[in-house]
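Take a look at the structure below.
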Amino acid sequence: VLMILVLLCAGMDKYHSSTRFAPLRDAPFALRGAFGTSNSSFNNMDGLRHSSSIGQARSYTSSPLGALRQKMPPSGNRSLHTSRPLSTPVANRPLSPHLPLKKPQLSATFSISHRIFGAALGAAIISIPLATRFGVMFEV
Amino acid sequence: MGIGEHFEGVKQHWARNFAFLDYFKKVYGRDQPLPKWSDADVEEFIASDPVYGPQLKALRESRKFALGGALAGAAHLGGVAFKYSKSPHGVVLATGFGALTGAVLGSEVAEHWYELYKMDKQGANLRFIYWWEDKVSGCCLS
């Protein structure tokens, strides 16, 4: 009786884990056509996940990005980014406008100005000990 | 009150930290600017002064460590960014920050290689400025 209970629990665990991650697996699949060329790394990871778990490796090539024909990296289950480095050419297609269209709101303006100010302040603060350290060396 | 002494100590601390600005005053804040010295003049001072000459020489040698470290850091971090990232501005920023970090690391290596912590670095620079002032005033009667 104990063995049967253990087996049932193991089976239930596997069922729970597959249902827990099923919506997460479907979401990138559903959104595959919504992103433009700028999000190819996302699509590549999506392809990786599909090929490793479900085996629908060709689903992302049927989207409008199919013309790009991205290769999947031959080794490993995860890569930091897409396998295409900076040196290979990118398709010269225009992006759909986002910045000229969206009305500048207080929240977005505040956020980016906060980031810019923080970066400038960080650079200013770190320049003081840097100047102290290197000013002595490069003085004479 | 103890708080007054504390603030005096704080002011002295920052005066010491920013004391390197006085050297700019000695060079740039003059009525008539000092004539610019060349490497040959610095070598002459290094040969003449037995105490501060070797210190200044060690300081100048440490520049190579800092520059070498900057190149190594820039190449390494820029290379990593170039290999794994698609953003060109990211590569530029990574190279710049790698140069900065590498320069600090190189100067730290030089600090221990030449035992620069034993010497008064600002004092060695100041000695050269004084020597240069005397030399220039003596020869050109300015």
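Key figures
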{"read-out": "Qualifying position, being without any contact (Cβ under 8 Å) to a residue 24 or more places away in the chain and more than 9 Å from chain A (Cβ to nearest Cβ), among B:Ala99, B:Ala47", "value": "B:Ala47"}
{"read-out": "Scan of the range B:84-96 for residues that are open to solvent by less than 50 Å² (accessible area, probe 1.4 Å) and either under 19 Å from the mean Cα position of the chain (by Cα) or within 11 Å of another protein chain (Cβ to nearest Cβ) (or both), ordered by number", "value": "B:Ser85, B:Ser87, B:Gly90, B:Val91, B:Gly96"}
{"read-out": "Residue that is modelled with the lowest pLDDT, among those in the range A:96-119 that are of a type in the set (A, V, I, L, M) and open to solvent by 60 Å² or more (accessible area, probe 1.4 Å)", "value": "A:Leu99"}
{"read-out": "Qualifying residue in the range B:75-83 (condition: aromatic (Phe, Trp, Tyr), without any contact (Cβ under 8 Å) to a residue 24 or more places away in the chain and either open to solvent by 60 Å² or more (accessible area, probe 1.4 Å) or in contact with a helix residue (DSSP H, G or I) (Cβ under 8 Å, 6 or more places away or on another chain) (or both))", "value": "yes"}
{"read-out": "Any hit, the range B:11-22, residues being touching a helix residue (DSSP H, G or I) at 6+ places or on another chain (Cβ under 7 Å), open to solvent by 70 Å² or more (accessible area, probe 1.4 Å) and either of a type in the set (A, V, I, L, M, F, W, C) or away from chain A (no Cβ under 12 Å) (or both)", "value": "no"}
{"read-out": "Odd one out for B:Gly123 among (1) in contact (Cβ under 8 Å) with a residue 12 or more places away in the chain; (2) away from every other protein chain (no Cβ under 12 Å); (3) among the small types (Gly, Ala, Ser)", "value": "(2)"}
{"read-out": "Residue list for the range B:32-47, restricted to those being surrounded by fewer than 16 Cβ atoms within 10 Å (Cβ to Cβ) and within 18 Å of the chain's Cα centre (by Cα)", "value": "B:Lys36, B:Ser38, B:Asp39, B:Glu43"}
{"read-out": "Top-ranked residue of the range A:124-140 - restricted to ones that are part of a helix (DSSP H, G or I) and open to solvent by 60 Å² or more (accessible area, probe 1.4 Å), ranked as farthest from the other protein chains (Cβ to nearest Cβ)", "value": "A:Ile125"}
{"read-out": "Condition check for B:Leu56: closer than 15 Å to B:Phe45 by Cβ, of a type in the set (A, V, I, L, M), within 13 Å of chain A (Cβ to nearest Cβ) and in contact (Cβ under 8 Å) with a residue 24 or more places away in the chain", "value": "yes"}
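The values are calculated or read from the model by the stated rules, or taken from the named source; none is laboratory data. The model shown is predicted, which means the values in this text are computed figures rather than measured ones. All Cβ positions, even for glycine, are placed from backbone atoms using ideal geometry, and neighbour counts span all protein chains on display. All accessible areas refer to the heavy atoms of the entire protein, side chains included, with ligands and DNA or RNA removed. Shrake-Rupley method; radii C 1.70, N 1.55, O 1.52, S 1.80 Å.
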